[in-house]
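Working notes, beginning with the structure itself.
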Amino acid sequence: MLAVSVILMGAVLSSAQPPAPKPEPIDRWADFRFLLGTWVADSSADPRQGTGEFSFALDLNNNILVRKNHTVIAAAADKPALTHDDLMVVFHEQQQTKANYWDNEGHAINYTASLNPGKDTLSFVSDAVTGMPRFRLQYIKLADGGLKITFDFAPPGQPEAFAPYLQGAAHRKTDK
């Protein structure tokens, strides 16, 4: 009888202990948070860059990061004005961060994302496909809170020979 009482007392005492604290959830977007918000393109002397804004926002219960872009490129001597809209959805797949890009010109690009060790440059590099160009889109965090943006191009057959195609800068849009 004493043995049963000791066992019951042990069971009661062990069940009375508070549960172990739950570990803090991992923020899978921590390294991307510097991009969140609405951004305005800084003016440029390069007419190919145009004017416009873009935004980054988490969606679907923080499971995806959505970038929307709207750019207006002014008419040039021999070219009419152009509006460029695109959408990029960034997501985690197994141990990688991927992105799918689409625009109103019919382009679709699949990217793999990576962050440099200093955590100030986020690179999206397109998949290497035989006979096709390759692209690299980079967002570089600036000390003043702005962004430098580069879009590089590697010709078919030279998937690592990236050369600048467009570059610019942006700052956060402020509510006025």
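The values are calculated or read from the model by the stated rules, or taken from the named source; none is laboratory data. Remember, it's a predicted structure, so these values are computed and weren't measured experimentally. Here Cβ is always computed from backbone atoms with ideal geometry, including for glycine, and neighbour counts include all displayed protein chains.
List of remarks:
- Verdict on LEU115 being under 24 Å from LEU36 (Cβ atoms), over 14 Å from the mean Cα position of the chain (by Cα) and either surrounded by 14 or more Cβ atoms within 10 Å (Cβ to Cβ) or of a type outside the set (Ser, Thr, Tyr) (or both): no
- When PHE153, PHE135 are screened for being crowded, with 17+ Cβ neighbours inside 10 Å and more than 17 Å from SER43 (Cα to Cα), only PHE135 passes.
- Remark: ALA57 falls outside the filter, which requires a residue to be modelled with pLDDT of 95 or more, surrounded by 15 or more Cβ atoms within 10 Å (Cβ to Cβ) and either among the small types (Gly, Ala, Ser) or assigned to a helix (DSSP H, G or I) (or both).
- Of everything listed in (1) within 18 Å of the chain's Cα centre (by Cα); (2) surrounded by 12 or more Cβ atoms within 10 Å (Cβ to Cβ); (3) in contact (Cβ under 8 Å) with a residue 24 or more places away in the chain, the single unmet condition for GLY145 is (2).
- For region 73-95, the set of residues classified as loosely packed, with under 10 Cβ neighbours inside 10 Å and not in a loop (DSSP other than H, G, I, E, B) consists of GLU93 only.
- Among (1) farther than 28 Å from VAL129 by Cα; (2) in contact with a helix residue (DSSP H, G or I) (Cβ under 6 Å, 6 or more places away or on another chain); (3) not aliphatic (A, V, I, L, M), the one test that PHE56 misses: (1)
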